[in-house]
Amino acid sequence: MTGISAEVQTEAVLRLVGDVLGSDAVGAYLHGSAALGGLRPHSDLDVFVVADRPMTGGERRILGDGLLAVSRYPARDGLRPVELSVVVRSAVRPWRYPPEREFQYGEWLRDEFERGEVPPPAPDADLAPLITMVLLADRPLLGPPPADVLDPVPRGDLARAMTAGVPELLSDLDTDTRNVVLTLARIWSTLATGEIRSKDAAADWALARLPDEHRPVLARARSIYLGDHEEHWDDLRPRLRPHAEYVMAAVEGGYRDRSVS
């Protein structure tokens, strides 16, 4: 990928946050692939922000408009897709489930933002694995370490949150295959071991545990994610649903492998 660097793009995101929240931005934290294993060709740039106060509707629109200009999907000219999440500190500490998300931008929401339809604050179970990743990565971009402003998520809430979104995730299996397959592997890995891995590391963990007939789907998703394979699924499409069903059966059956730390 040529063009601007991830560091320059991250600085642009932080400037947008600073312009809107100023000193009310308690901290900003890198998470996701950049923090857990290094950015891959298809990785988002994931930033998590803790604020001291709620945002106004106008501030959400300003921040969203700025992110439209610095985020790209698919990635080009060095610009990656940006996923930015904002929480108000008092909404997540002390921890309760489900927590409330103050603001979210991701490329799947681009059409809404371009129409001026900025999603309002709402309870969001997905914050449980996200906060867990932020704490694990411990990569402050602004402010104190994340452990100083965020409480750890109880394992039961983490498991509940990761499985709650599975039906919606599976509905995208045919249209967002790579992401769905890798996310299922991460859910399986996390619930089995209590550790959140990067997508390719979670795929490695799951590939070692899959029977031969279910490995090609995940191997293809991992290869595409790493930039080693073009994105196409026609030859494996009949195997997608059986693969997903096998992984979910492992998750729902309470599969645990204590040999992996």
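Each reported figure results from applying straightforward, stated rules to the coordinates on display, with no laboratory input. Fair warning: this is a prediction, and the values are worked out from it, not measured in the lab. Note that each Cβ is placed from the backbone with ideal geometry, even for glycine, and that neighbours are counted across all protein chains shown.
The table below gives the values:
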quantity	calculated
Loop trypsin sites (Lys or Arg not before Pro), region 41-116 (other Cβ atoms within 10 Å of the site Cβ: 15 or fewer; DSSP)	ARG96, ARG115
Ratio of Rg to Rh over the chain (Cα coordinates, Kirkwood Rh, two decimals)	0.96
Separation in nanometres of the label points that stand 7 Å from Cα toward Cβ, at TRP108 and ASP204	2.7 nm
Cβ charges +1 (Lys, Arg) and -1 (Asp, Glu), total dipole of region 165-252, debye	240 debye
Enclosed volume per residue, in Å³, of the convex hull spanned by Cα atoms of region 106-261	153 Å³
Using θ = phi - 60° and Karplus 6.51 cos²θ - 1.76 cosθ + 1.60, couplings along region 222-232 (whole Hz; Gly, Pro as x)	5, 5, 5, 4, 7, x, 9, 8, 5, 7, 8
Separation of the ARG155 and GLU117 label points, Cα + 7 Å toward Cβ, nm	4.1 nm
Interchain or long-range residues, amide H under 5 Å from VAL88's placed H	ALA51, GLU102
Shape box of region 6-152 [Cα atoms, principal axes, largest first, Å]	40, 35, 27
Once exposed loop GluC sites (Glu not before Pro) are cut out (DSSP; at most 15 other Cβ, 10 Å), longest piece of the chain	1-116
Equivalent-ellipsoid semi-axes of region 165-252, from the Cα gyration tensor, Å, largest first	18, 15, 12
Table column - 3J(HN,Hα) (Hz), region 7-19, Karplus curve with 6.51, -1.76, 1.60, x for Gly and Pro	5, 5, 5, 4, 4, 5, 5, 5, 5, 4, 4, x, 5
Pairwise FRET efficiency - ASP148 versus SER171, Cβ, R0 = 41 Å, nearest 0.05	0.60
Principal-axis tilt of helix 155-164 within the chain, Cα atoms, nearest 10 degrees	80 degrees
Acute angle (nearest 10 degrees) that the helix 237-252 long axis makes with the longest principal axis of the chain, alpha-carbon atoms	80 degrees
